[in-house]
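Enquirer: Just dropping this structure here.
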Amino acid sequence: MPLAGAAGMLASCAVPGSRGAGVAPPASTTAFTPSAIAATSWSVSTTLATPAPTPTREAVAQRYANAVPDAWGMALPGIEQTVASPIKTIALTFDACGGPHGSLIDESLLTTLQQHNVSATLFWNKRWIDANPRRAQEIAANPLFQIENHGTAHKPLSVNGRAAYGIPGTASVAELIDEIEDNREFMKEFLGVESNWFRSGTAHYDDTAVQIARDLGVSIAGFAVNGDAGATLSAPQVAQNLVRSAPGSIAILHMNQPAHGTASGVAAAIPQLRAAGYTFVRLGAAPARSP
């Protein structure tokens, strides 16, 4: 079932553009309860059961030491692609990938979101934070934005090094855990952010990786709408993908490529989405996970 976008990718943050927008939300959903309503933009949070204590890295690594994955992709069971809400919503998420070609800041995009009071979830790679430490702290302090984890080295999440778009994945269970946890701990220390959502570099996972993330108390943020195809689309294409979104969609875009069409496309889509009755939401608290 296709999702939005034309074929395209960036070496710094590759997400395929072969899936189309406007599809019905997939079966995997995140249940949300409204926590605040301000104007036409509000955040949501999940009603959580008391979580079990998160096991240590060593315990998780031992548990999956001999695991052999059976599946690979972007839309595996356990990857959240939609949000469930009593009102018509869309969750805009923006990746900042870091690295030689991905450490810029799309200030025009951030300005647009703030001027229109649009809530969004920002997924940051550690390399991007390292390149923009002061600005990262400033953005993280803005209550309009929810900051989440885009990994330590921007690798696909695998237990055996499986690659996506020529980018090698994590090569072992231990490296996979470090890809999640090293940036997660850094974000807590440096930004004061408690992150319980994760999106890998390239948004690819094997099924064992999804299970490991769950055991670490982390939910995987997938997407139902590929908004900018790895920041390769023109502004009209980005706007078209967003306005065709089905209610409850998580849309993936990028905030680290200011020379591309993302900011202008988002600016064009916001009034159209609001006119169609959409409310912009953050992902909120991650669903409770049982090890």
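Bear in mind these aren't lab numbers, they're just calculated from the coordinates by the rules spelled out. No experiment lies behind these values; they were computed from the predicted model shown. Positions of Cβ are backbone-derived with ideal geometry, glycine not excepted, and every protein chain shown enters the neighbour counts.
Enquirer: Straight-line reach from Lys188: which lysines have a Cα under 17 Å away, not including same-chain ones fewer than 8 places off?
Expert: Of all the lysines, those that pass the test against Lys188 - Cα under 17 Å, at least 8 places apart if same chain - are Lys126.
Enquirer: Quick check on segment 94-209: what are the equivalent-ellipsoid semi-axes from the Cα gyration tensor, as sqrt(5λ), descending, whole Å?
Expert: Largest first, segment 94-209 gives 26, 14, 12 Å.
Enquirer: If I stretch the segment between Ala275 and Asn142 completely, what's the gain in nm (0.36 nm per residue apart, minus their alpha carbon distance), one decimal?
Expert: Length difference between fully extended and current span is 45.3 nm.
Enquirer: If every alpha-carbon in segment 169-291 counts as one equal scatterer, what log10 I(q)/I(0) does Debye give at q = 0.09 1/Å?
Expert: Here the Debye-derived log intensity ratios amount to -0.32.
Enquirer: Could you tell me the calculated FRET efficiency between Asp130 and Glu194, based on Cβ-Cβ distance and R0 = 22 angstrom, to the nearest 0.05?
Expert: 0.65
Enquirer: Say the dipole of segment 78-220 comes from +1 at the beta carbon of Lys and Arg and -1 at that of Asp and Glu; which of Val218, Ser103, Thr152 then lies farthest toward its positive end?
Expert: The listed residue farthest towards the positive side: Ser103.
Enquirer: On to the next question. Quick one: length gained pulling Ile87 to Asn117 fully straight, 0.36 nm per residue minus the C-alpha distance?
Expert: 9.0 nm
Enquirer: While we're looking at this one, here's another question. Give the peptides 198-205, 156-163, 100-107, 267-274 in descending order of average Cβ contacts within 10 Å, highest first.
Expert: Numbers: 198-205: 27.4, 156-163: 20.6, 100-107: 16.4, 267-274: 18.1.
Put in order of decreasing packing, that is 198-205, 156-163, 267-274, 100-107.
Enquirer: For Ala246 and Tyr165 in the same chain, what is the full-extension length gain: residue separation times 0.36 nm, less their Cα-Cα distance, in nm?
Expert: Details: separation 81, 0.36 × 81 = 29.16 nm, distance 2.76 nm.
Extending this stretch completely gives an extra 26.4 nm.
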